[in-house]
Amino acid sequence: MRPKQVILAGAGLLCLGLILLLVARRAAAPWTKPDEGRTIAYSILKPLELSLPARPLRVDSLKNAGFAAGTDGWSATVVGAEAAIEVDAQMPHGQSTSLRVAAKEPSDAALAQELQLSPGRWYRLRGWVRTRGLDPHGAPVFGTLQVQLPGGKGVVATGTNNGGDTDWTEVTVEFEAPPGGRTRIVMFFTGYGKGTGTAWFSDLGLEDMDVSAVPLRITRDFLPGSISPMQYGQFIEYLCDLVPSMWAEKLHDGSFEGLSPYKFVYLKETDFREHPWHPCGATNRAVYSLDRNDPISGAVAQKISVVGAVPCMVGIAQEGIAVDQGKPCKFSCYLRQQGVEGPVTVRLHREGKELASCTFAPTAEWKKYSALLEPEETSTNATLSITFGGPGSLWLDNASLMPTDNVGGWRPDVVAAVHALKPGVIRFGGSALDDANLGEFQWKDTIGDPDRRQPFRAWGGLQPTGPGLEEIVQFCKLVDAEPLICVRVSKRKPADAAEEVQYFNGAENTPMGALRAKNGHAEPYRIKYWQIGNERAGTEYESKLAEYCKAMKDADPSIVLLSSYPTAGVLKAAGDQLDYVCPHQYDCANLAACERELIATRELIKTHAPDRGIKVGVTEWNTTAGDAGPGRAKLWTLENALACSRYHNLLHRQADLVEIANRSNLINSFCSGIIQTDNHRLYKTPTYYAQQLYATQGGKRPLKIDSPSSGRLPDVSATLSEDVSTVTLFAVNATLDDVVRPLDFSAFGAMEQALSIWTLMDQDRAGEPDVTNSFGQPERIKPVLSLLRVDGPKFDYRFPPLSLTVIRWTTSKRNASNSSGE
């Protein structure tokens, strides 16, 4: 029994009756609070569940805001020349003492204080600033207040700069407390550069912004642009077990190359690791070696030799295999032998019980042998062994155990889950593609006969030969997503990228198109979207870019080209050939910083390629990227789902600029995957469900919402469907408190109706942002659909804490079709 559930004794029947009455009233109609006379609408999630309120979070007040105690509570940081920092009783603001910061030589000086605020709530920081002769010498921040992430690891919001000679001027900074609530308040003399002169600060204050009475009015006015389904894109890469976890193959290291440690870690004690092959049988009489002479693929084949006349059974085995009763798997392996007289036996077994078996009689020449194994029982930890009777020698290579219900080689549960996600576009790229220190990827090694492909490692993880680049493209087609292929630039030439384009898109009478046809796919794949380089920047990249664009366009003039990072140099070098520039945003919880970067990228395009109509593709994004260790757990939490939902709201508002966005990563990936798998099952993280709601419920056109430009709780976006029949409101309450807001849909009709409402939140109501799903509780956090009858388009709605709410309003099409803002 969960501790938050309350058991009522004694008057239990009476209490239960009251609860049933309350639930019935809520389900039938909105509930009117008698003391206020306002209508509060509820989405019924889990009737009859009684929960204790969430534990209150300590919220700090600003200490020593008037400097009566000097600089107590404030920590000073000075870079460059010394700055004088002292209380100035001779320069008060009103009745308050001021703090003076002065430097005769260039100095970067600031004072900061860290506070605990309520995560996701909006606050207003106020203060007064006066300057004399303040020259920032090019520094971007001076004579102002700034709000930062804890430890100064990112900017949340910045006030207006004050330089030269200014009298007392009020500086106001409105901001949203970051996840976790820890916030850094900073007074800047000059920042991110060095200045001279004097600045005074006085009368600082911090207040909670209450906007609960201000309605959110969804208007008929369109925001610029239309929302592309590619905003809901996903990203896959060769990263440890990411691709293998999607592939249906049940054996690891089928080519016997040997497993190696991963170059990344979440929890080293529990992180997934592949099961290795190990000797079995009379191992004392066998010699095991890796033979580099004439392997089928890769560098080696497995050799097992038994010397002497004593009969014995030896072999090799692998554990941890999941099989289902009555569901056949195709076993295959290349075998050859010398001096072995009896058969080679392949067995699936568990704790001494045989589940399925077959035998082969190999010869002295390499040959591929195969048979169907149909398990008699279900097991999640079966062993597959390959044995023979000595003396003699046996060679093995390219062993495989593939379920016959695979979908083009992929796990059917993964295909179904991704298809239901409606990703729009799936990008293939990643560091292992374009960084020799992290991977050995060569695209030509991943095409053709899988038995003859070259195994390679990515982030230390051995990649199976089956799921090559061509299979990844086929996976995209299976789930109705556009493939977006990133081509390698490091240690490559434009001709290599051109060949790659021609292989996938060229006619059968072209050299690479003919190779594709020979490999079994005569019809071109017609891949539209191609990115040049993964996370590339700098003069070397910029100097090559135009040449890559030309070579790839010569191979297929119809393709759409994306750059790597957006810079002035990129646009100057190839702005006349590019269709997209592509930042990566791995701090999407800091929404203001992401928005600033998008606005800056818009200006960059306008300055350097004003007539090309270049768009932005955010080809990787999340709340963090390479952070390893236990802290990485935040990537599969409810908090991550809410941060990603707010990022989707931002993308809706930037729909005219951002057409492509690929969240990183799709599967596993040390907590970041929105789908998590093991050897026989999967579950979906909270972010999977959030993105699915956006992709399946969002409309084509973004709508303007009338509300305060800041202090918006919840964080919202609204869309209109292509047939103008439905308005959808997405609302994220990332705080620990209920948020009540008046909603106004009257621009789209005044009729009474039953609203469809999806609410994504913790079904256990723990009140904790770090809750998540798991194999034990795969649906603790998932959307719940409810219906709410309202008697008109204006009503108050209570948004639960730590939730994403999606509300669908059926329009009067005549009103909706009169929308403006084209």
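The values are calculated or read from the model by the stated rules, or taken from the named source; none is laboratory data. Quick caveat, the model's predicted, so the values are computed rather than measured. Because the Cβ atoms are built from the backbone with ideal geometry, glycine has one as well, and the counts that use them run over all protein chains shown. To get the accessible areas, we keep the full protein, side chains included, count just its heavy atoms, and leave off ligands, DNA and RNA. Shrake-Rupley method; radii C 1.70, N 1.55, O 1.52, S 1.80 Å.
Show me the ranking of peptides 720-727, 118-125 by mean Cβ neighbours inside 10 Å, starting with the highest. Write down the numbers at each step before the final one.
On the way: 720-727: 18.2, 118-125: 21.2.
In descending order of packing, they fall as 118-125, 720-727.
If you add up the charges near LEU267, with Lys and Arg at +1 and Asp and Glu at -1, over every other residue whose beta carbon is less than 13 angstrom from its beta carbon, what do you get?
Working: positive: LYS268, ARG273, ARG632; negative: GLU269, ASP271.
Net of charged neighbours comes to +1.
Kirkwood Rh over Cα pairs of the chain into Stokes-Einstein at 10 °C, 1.306 mPa s: D in µm²/s?
After rounding, the answer is 52 µm²/s.
Restricted to Cα positions, what overall size does the stretch 129-178 have along the principal axes? Three whole-Å values, descending.
Here the spans come out as 34, 22, 13 Å, largest first.
Rounded to a whole number, what is D in µm²/s for the stretch 91-236 from Stokes-Einstein with the Kirkwood radius over alpha-carbon pairs (10 °C, 1.306 mPa s)? Write down the numbers at each step before the final one.
Details: Rh = 17.2 Å.
For these conditions, the coefficient is 92 µm²/s.
What number, in nm² with one decimal, is the all-direction average of the projected area of the convex hull of the alpha-carbon atoms of the stretch 284-332?
If I average the Cα hull's projected area over directions, I get 5.8 nm².
How far is helix 638-653 tilted, in degrees, relative to the longest principal axis of the Cα atoms in the chain, given as a value from 0 to 90 rounded to the nearest 10?
The angle comes out at about 70 degrees.
How many percent of all Cα-Cα pairs in the stretch 249-381 sit more than 19 Å apart? Write down the numbers at each step before the final one.
Details: 5117 of 8778 pairs.
That fraction is 58 percent.
Please state, as a whole number in µm²/s, the translational diffusion coefficient that the Stokes-Einstein equation yields for the stretch 243-317 at 10 °C and 1.306 mPa s, with Rh defined as the Kirkwood radius across alpha carbon pairs. Don't skip to the answer; put the middle values down first.
Working: Rh = 14.8 Å.
Using the Kirkwood radius from Cα pairs, D works out to 107 µm²/s.
Taking the square root of 5 times each eigenvalue of the Cα gyration tensor, what semi-axes in Å does the equivalent ellipsoid of the stretch 733-805 have, largest first? Intermediate values should be presented prior to the final figure.
Values: eigenvalues 164, 40, 12 Å².
Equivalent-ellipsoid dimensions as semi-axes: 29, 14, 8 Å.
How large is ³J(HN,Hα), in whole Hz, for each residue of the stretch 560-575 in order, when computed from phi with the Karplus curve 6.51 cos²θ - 1.76 cosθ + 1.60 and θ = phi - 60°, using x for Gly and Pro?
Values per residue, Gly and Pro as x: 9, 10, 10, 7, 7, 4, x, 9, 4, x, 4, 6, 5, 6, 9, x Hz.
In what sequence, highest mean first, do 524-532, 803-811, 222-230 appear when ranked by Cβ atoms within 10 angstrom? Walk me through the numbers on the way to the answer.
Details: 524-532: 20.1, 803-811: 23.1, 222-230: 18.6.
My ranking of the peptides, most packed first, is 803-811, 524-532, 222-230.
Average projected area of the Cα convex hull of the stretch 104-158, in nm²?
On the way: hull surface 19.3 nm².
Over all viewing directions, the stretch 104-158 projects a mean Cα-hull area of 4.8 nm².
Quick check: the angle from helix 469-478's long axis to the longest principal axis of the chain, C-alpha only, nearest 10 degrees?
60
Express the carbon and sulfur contribution to the solvent-accessible surface of the chain as a percent, rounded to the nearest whole number, probe 1.4 angstrom.
Numbers: 16900 of 33070 Å².
Ligands and nucleic acids excluded, carbon and sulfur reach 51 percent.
How much area per residue is accessible in the stretch 285-331 when the probe is 1.4 Å and only protein heavy atoms are counted (Å²)? Walk me through the numbers on the way to the answer.
On the way: 2190 Å² over 47 residues.
Dividing the accessible area of the stretch 285-331 by its residue count gives 47 Å².
In bins 10 Å wide, starting from 0, what share of all Cα pairs of the stretch 616-695 does each bin hold, as a percent?
18, 51, 26, 4, 0
Just the ratio, please: alpha-carbon radius of gyration of the stretch 395-484 over 2.2 N^0.38 Å, N its number of residues.
Working: Rg = 14.1 Å, N = 90, 2.2 N^0.38 = 12.2 Å.
Compactness ratio reported: 1.16.
Check the straight Cα-Cα distances from LYS353 and name the aspartates and glutamates below 13 Å, setting aside those fewer than 8 residues away within the same chain.
Filter leaves GLU376, GLU377.
What net charge is computed for the residues neighbouring ASP627, neighbours being all others with C-beta under 13 Å from the C-beta of ASP627, Lys and Arg scored +1, Asp and Glu -1?
Residues close to ASP627 contribute a combined charge of +2.
What order, most packed first, do the peptides 496-505, 151-160 have when packing is the mean number of other Cβ atoms within 10 Å of each residue? Intermediate results must be reported in sequence, preceding the final value.
On the way: 496-505: 22.4, 151-160: 16.5.
Packing proxy ranking, top to bottom: 496-505, 151-160.
Using a 1.4 Å probe, what is the accessible area per residue for the stretch 203-270, in Å²? Don't skip to the answer; put the middle values down first.
Numbers: 2600 Å² over 68 residues.
Dividing the accessible area of the stretch 203-270 by its residue count gives 38 Å².
Quick one: what does P(r) look like for the stretch 366-425 with 5 Å bins over all Cα pairs, in whole %?
For the stretch 366-425, the pair-distance distribution reads 3, 11, 15, 19, 16, 12, 10, 7, 3, 2, 1, 0.
Once you sort the root eigenvalues of the Cα gyration tensor of the stretch 180-240 as a ≥ b ≥ c, which label holds: rounded (a/c under 1.5), prolate (a/b larger than b/c) or oblate (the other case)?
On the way: a/c = 2.35, a/b = 1.42, b/c = 1.65.
Here the stretch 180-240 falls in the oblate category.
Post the alpha-carbon centroid distance, the stretch 60-80 to the stretch 491-541, in whole angstrom.
With the stretch 60-80 and the stretch 491-541 each reduced to a Cα centre, they are spaced 59 Å.
Give the angle, between 0 and 90 degrees and rounded to the nearest 10, that separates the Cα long axis of helix 686-697 from the longest principal axis of the Cα atoms of the chain.
For helix 686-697, the angle is close to 80 degrees.
Can you work out the accessible area per residue across the stretch 564-675, with the rest of the protein chains kept in place, probe 1.4 Å, in square angstrom? Don't jump to the answer; show the numbers that get you there.
On the way: 3150 Å² over 112 residues.
Averaged over the residues of the stretch 564-675, the accessible area is 28 Å².
Can you give the direction-averaged projected area of the convex hull of the alpha-carbon atoms in the stretch 170-309, in nm²? It would help to have the intermediate numbers written out before the result.
On the way: hull surface 88.3 nm².
The number I arrive at for the stretch 170-309 is 22.1 nm².
Using only the alpha carbons of the stretch 615-759, determine the length spanned along each of the three principal axes and report them from longest to shortest in whole angstroms.
52, 38, 34
Summing Lys, Arg as +1 and Asp, Glu as -1, what charge do residues with Cβ under 11 Å from the Cβ of GLY180 carry, GLY180 excluded? Intermediate results must be reported in sequence, preceding the final value.
Details: positive: ARG182, LYS634; negative: GLU639, ASP770.
So the surrounding residues net to 0.
Pairs LYS544/LYS606; LYS303/LYS327; LYS263/LYS368: which exceed 28 Å Cα-Cα? Let's see the in-between values first.
On the way: LYS544/LYS606 23 Å; LYS303/LYS327 31 Å; LYS263/LYS368 34 Å.
Pairs exceeding the cut-off: LYS303/LYS327; LYS263/LYS368.
For every helix of n ≥ 4 consecutive DSSP H residues, a contribution of -39,500 (n - 2.57) applies; sum these over the chain, divide by its total residues, and give [θ] at 222 nm rounded to the nearest 500 deg cm²/dmol. Kindly include the intermediate steps, with their values, before the conclusion.
Details: 13 runs with 140 residues, N = 822.
Rounded to the nearest 500, the figure is -5000 deg cm²/dmol.
Bin by bin, in steps of 10 Å, what percent of the Cα pairs in the stretch 519-584 do you find, going until the bin that has the longest distance?
Result, from short to long distances: 21, 51, 20, 8, 0 percent.
Given the Cα atoms of the stretch 464-575, and with Rh set as the inverse mean 1/r over their pairs in the Kirkwood sense, what is Rg to Rh to two decimals? Could you put the intermediate results ahead of the total?
Numbers: Rg = 14.4 Å, Rh = 14.6 Å.
For the stretch 464-575, the value is 0.99.
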